Each structure stands twice: as structure tokens, then as C-alpha cells.
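A.B. asks: Here's a structure for you.
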Amino acid sequence: MRAPASRATACRRPGWDFPASDPIYAPFYEVALAAHVPVLVMVGYNGSGAGLPGGGGVELELCHPRYIDQLAVRYPTLRIIASRPAWPWQDEMIAVLLHKPNVWNELHGWSPKYLTDAFKREIRNRLKDRVMFGADYPLFRYERLVADWRALGYDDAILERVFFRNAEALLTPPLTGS
């Protein structure tokens, strides 16, 4: 069997009319499971539709971490990447990450200095293996984000996990029989 070209794939973006846990996505999740690739699901506030009448039709509620929780229950072996910091629901995202071992969080689109104090604290502790760097280049230049992460006072071991070790562990395909 040929290795998939991608190590992860995205399934839900803002503006779609169904939460990530909706059965409409079941065929997609089944394919991801069979291919041994994680899925990426957007959570929290985003710029799509911001400032437009009616938010351009984007329902922020559909980006709530509760749907990641429901998805993780329905597919306990599916590796799920919650994408973005899940603001304004960072406490709820922390709870999902702590409760569901098949969920990780990739933090693109925001400087880490805007994470809540609770989230910053958990990155040092219980979430040190579950949080991954994300950029949103060219909106945020890598140099700026790396400097922002360093300014938070994390030691090199935590930064190494956030910058690449956690993603490396998540995206390494599991061994399969021959």
C-alpha cells in the first residue's frame, strides 16, 4: 500500500452548516481512520465573516470545542487536531484535551501571548504533549511567533515539544502489519 501524500487532512471550516460531530462527516472520518491520518477541525473565533452583516453567515457556535468532544467520543481512535486556540472557549478546550487522549491542539492564527493564563499554565504541565505550534503565515511571521513563545518564559524542553516534537509524534503514522 502506498503511503498517503498528506499526514493530516482538514474536515471542517467556519461557514459550513454542520458541527464537526455531525454524522454528515462520517464517510470522511472513516477514510481518515483507514488511512491512519489525523483530521484537523477549526475551533473558536476566526476572521471568516468578521465585520460582515450577520457575520457573513458564519455561526461561531459551530466552532465550539464541545463538537470536538463529541467527535472524540464517536471516534475514539481517530486522531483529532483542534485548530486555533478555541477563544473564547479556551477553558472548555483545556477540558476536552485533558479528557480525550485522541485530541491535540494546533495554535495558528493567534500570538501565544493572547492565550488565557490557564492555557499558558497547562502548556507547561498537563498539556505539554498535546499542544503544537501554528503560524498563519504571512499574517504572522515565524520570527515574531517564536519570539512571542520565548517571551512567555517556557523552557527549551517545552518549546521543543510545542515547536515540533508534539507534531512529529502525532503525525508519525502508526506501524501497520505487512
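Throughout, read-outs are computed from the coordinates displayed, never taken from laboratory work. What you see is a predicted model, and the numbers here were worked out from it, not measured in a lab. Note that we place each Cβ from the backbone using ideal geometry, even for glycine, and neighbour counts take in every protein chain shown.
A.B. asks: Per DSSP helix of 4 or more residues, -39500 (n - 2.57); summed, then divided by the residues of the chain. What does that give at 222 nm, rounded to the nearest 500?
C.D. replies: Estimated from H runs of four or more residues: -9000 deg cm²/dmol.
A.B. asks: If we sort 91-98, 124-131, 154-161 on the protection proxy, mean other Cβ atoms within 10 Å, highest first, what's the order?
C.D. replies: 91-98, 124-131, 154-161
A.B. asks: Okay, next question. From the Cα gyration tensor of the stretch 81-173, with a ≥ b ≥ c the square roots of its eigenvalues, which class applies: rounded if a/c is under 1.5, or else prolate if a/b is larger than b/c, or else oblate? Don't skip to the end; give the middle numbers.
C.D. replies: Details: a/c = 1.34, a/b = 1.20, b/c = 1.12.
Judged from the Cα gyration tensor, the stretch 81-173 comes out rounded (a/c under 1.5).
A.B. asks: Going 7 Å from the Cα of residue 118 toward and past its Cβ, which residues in the stretch 93-110 have a backbone nitrogen under 11 Å from where you end up?
C.D. replies: 93-96
A.B. asks: Same structure, new question: Can you sort 59, 143, 30 so the residue with the fewest Cβ neighbours within 10 Å comes first?
C.D. replies: 143, 30, 59
A.B. asks: Let me ask another. Roughly speaking, what is the stretch gain from residue 163 to residue 50, that is 0.36 nm per residue apart minus the C-alpha to C-alpha distance, in nm to one decimal?
C.D. replies: Extending this stretch completely gives an extra 37.8 nm.
A.B. asks: Follow-up. Could you tell me the distance between the Cα centroids of the stretch 107-178 and the stretch 43-67, to the nearest Å?
C.D. replies: Cα centroid to Cα centroid, the span is 24 Å.
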